[in-house]
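The values are calculated or read from the model by the stated rules, or taken from the named source; none is laboratory data. Since we're looking at a predicted model, the values are computed, not measured. Note: ideal-geometry Cβ built from the backbone for every residue, glycine included; neighbour counts use all protein chains shown. Accessible surface areas use protein heavy atoms only, side chains included; no ligands, DNA or RNA. Shrake-Rupley method; radii C 1.70, N 1.55, O 1.52, S 1.80 Å.
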Amino acid sequence: MPLTPEELIVAREQLVRLDPALARAHAQTPLFEWRRGDHGFLGLFRMIVDQQVSMASAASVWARLQAGLGEITPESLLAHDLESLRGMGLSRQKATYGQGIARAQLDGTVDLEHLSTLDDEAAIAALVSLKGVGSWTAEAYLLICDGRTDVFPGGDIALQEAIKWADRLEHRPDTKAAYARAEIWRPHRGAAAHLLWAWYLGVKAGEIVLDPPST
């Protein structure tokens with residue numbers, strides 16, 4: 001289950017004890033909530049739709065899909081051909097991926113509604129077996145849509161950048177290095193991801209000064 005804001009504070013304090021390099025991020029980042037998305041097919045499909053476009057563009061496409069499909073379900077997606085879905089704003093590739101995920105859900109190849117019965121490793125393996133779902137998508141889905149608390153999407157550029165800041169590195173770590181770096185944060189890797197995301201977004205929004213001038 002996702003952590004409450006109060007539980008996140010406790011987890012953040014535990015993370016700082018595990019890894020003092022996170023102390024600056026913790027001190028600079030105010031209270032925040034666990035990121036949440038829809039469960040099951042709807043949540044995974046929306047992650048596919050949202051990828052590689054701006055938030056505004058993703059919201060526009062999603063609104064067009066809702067208008068065109070009504071309720072967005074595996075059945076409603078498969079009731080339309082690719083050209084119809086393209087007319088609602090989806091690229092051919094994302095429409096193809098979405099329909100593949102819809103078929104897998106309906107034929108039981110991957111049961112997204114009951115993915116929580118699998119452990120993290122098995123759940124990731126099930127998700128990446130779907131065409132169009134890579135490791136980042138699988139891990140982000142488990143964090144945001146399934147509420148798992150010890151998953152870390154090491155391929156996330158924002159998280160890699162925040163690790164660079166935390167460790168005061170010259171260069172951003174690659175995916176392999178980010179996964180290795182996160183090992184010390186077990187069993188709170190999900191909380192670490194949320195802290196680093198919140199810190200990163202605060203810095204990018206100008207709400208947090210990464211290195212305030214010394215007085």
Among the residues of the stretch 151-170, the number that are in contact (Cβ under 8 Å) with a residue 40 or more places away in the chain and in a helix (DSSP H, G or I) is 6
In the stretch 109-138, which residue that is in a loop (DSSP other than H, G, I, E, B) and open to solvent by less than 20 Å² (accessible area, probe 1.4 Å) is modelled with the lowest pLDDT? 110
How many residues are part of a helix (DSSP H, G or I) and open to solvent by 50 Å² or more (accessible area, probe 1.4 Å) when one looks only at the stretch 171-182? 5
Give 103, 92 a once-over and let me know the one that is loosely packed, with under 13 Cβ neighbours inside 10 Å, closer than 15 Å to residue 131 by Cα and either free of Cβ contacts under 8 Å to residues at least 40 places away in the same chain or aromatic (Phe, Trp, Tyr) (or both). 92
Going by what's in this entry, would residue 37 be described as open to solvent by less than 80 Å² (accessible area, probe 1.4 Å) and modelled with pLDDT of 95 or more? no
Per the filter on the stretch 31-51, residues farther than 19 Å from residue 95 by Cα and free of Cβ contacts under 8 Å to residues at least 40 places away in the same chain are 31, 33
Is it the case that the stretch 60-74 has a residue that's open to solvent by 50 Å² or more (accessible area, probe 1.4 Å) and not in a helix (DSSP H, G or I)? yes
